[in-house]
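These notes are about the structure you will find just below.
The values are calculated or read from the model by the stated rules, or taken from the named source; none is laboratory data. Not measured: the values here are computed from a predicted model. Every residue, glycine among them, receives a Cβ derived from its backbone with ideal geometry; neighbour counts consider all protein chains shown.
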Amino acid sequence: MKILYKIVIIFLLSLLSGLIYNQFHPRGIKFHTLLPPQFYLNEAIERQIKILSVDSAFVLLTQDNVLFVDLRTPADYAVDHIRGAKYMKEGNLLDDEEMPDDSSCLVVVLYDEEGNLEKLKPVAARLIKEKKQPIYLLFGGYLEWLNKGYPVETGSEF
Amino acid sequence: MYKKLFFLFIRIVLGMLFIIAAYGKLLNPQDFAINIENYRVLGEWLSRWIAVILPPLELIVGIMLIAGVWLQANFIIALLLYLVFDIMIFQAYLRGLDISCGCFSTADSGPIDFQKISENIVLTALTLIGFLFIFKGDISKKEKA
């Protein structure tokens, strides 16, 4: 029984130190990303998340005030991505210096491989809460963008 | 005498390996979470939790093994960890996943191949020997505590 208590203590110590370390580490896994989405995705915010078709997104591509954000893996991004898109793993999104403030009226379009809206919504919700910018989710994702033959570029600059 | 020396050797080797593994993962927790997710077993959310807990756990176990503190508990944790690592690596190998192991750092040591599996099996065997030393009574009570 004593051994079990010691094991539990070691696990609890690891958990506590892991949570604290990650909260302060610049590339750490922040606490709010460990919560299930229903804890921070409420209806009011969810209504502010807009869905964008790839055709509409292509029209936006020519505008200066649009930022496409790639949420796939670094390896996928390095192979190819929407022209001009930035790679940001969601944990970095809110701290990234490249995300301008409200006054630039930047439109942000989030996309992943297949347009998994349930996965993208929590990221969009956090952005709306913190940055108060219009956030769009790309319907159909990167695969749909490729199907339509819209411009892509290669590169691993992230 | 030789058994005690061998047991000390096992403790130090395993302890050092755990500390080195923890250090590599603590440098970049987010990339480590991606490494775990790449095994396609746990999903994104659970992978993040593991990425938070595992590196400090390895660090604490490594330090305690070298210091000789709570050896029984730490050898149980070490053995469980290695068994889990073996299962994860082996299933990734069988499924033909072209991923890096993430065993000692996020920018690890190359893809999962037979060599990686063999290394893990050797380390698991070493841990098992230490575990048996402790629980078979070959080590004094004072050292077990």
Only unsatisfied item for A:Pro36, checking (1) modelled with pLDDT of 80 or more; (2) at the interface with chain B (Cβ under 9 Å from one of its Cβ atoms), is (1)
When every residue in the stretch A:47-86 that is without any contact (Cβ under 8 Å) to a residue 24 or more places away in the chain and aliphatic (A, V, I, L, M) is compared, the one farthest from A:Gly140 (Cα to Cα) is A:Ala75
Just one listed residue, out of B:Val52, B:Val69, is of a type in the set (Val, Ile, Thr) and under 16 Å from B:Gly24 (Cβ atoms), and it is B:Val52
How many residues of the stretch B:31-48 are aromatic (Phe, Trp, Tyr) and surrounded by fewer than 18 Cβ atoms within 10 Å (Cβ to Cβ)? The answer is 1
Taking the stretch B:7-33 and keeping only residues that are without any contact (Cβ under 8 Å) to a residue 24 or more places away in the chain, closer than 22 Å to A:Met88 by Cα and of a type in the set (A, V, I, L, M), one is left with B:Ala33
Of the listed residues (B:Phe135, B:Phe75, B:Phe90, B:Phe85), the one being at pLDDT 85 or above, under 17 Å from B:Phe7 (Cβ atoms) and not aliphatic (A, V, I, L, M) is B:Phe75
Scanning the stretch B:23-45 for residues that are hydrophobic (A, V, I, L, M, F, W, C) and facing chain A (nearest Cβ under 10 Å) gives B:Leu26, B:Leu27, B:Phe32, B:Ala33, B:Ile34, B:Trp45
Counting only residues that are surrounded by fewer than 19 Cβ atoms within 10 Å (Cβ to Cβ) and of a type outside the set (Val, Ile, Thr), the stretch B:18-30 contains a total of 2
By my count, helices (runs of 4 or more DSSP H) wholly in the stretch A:43-143 with at least 3 residues that are modelled with pLDDT of 85 or more and within 14 Å of chain B (Cβ to nearest Cβ) are A:74-79
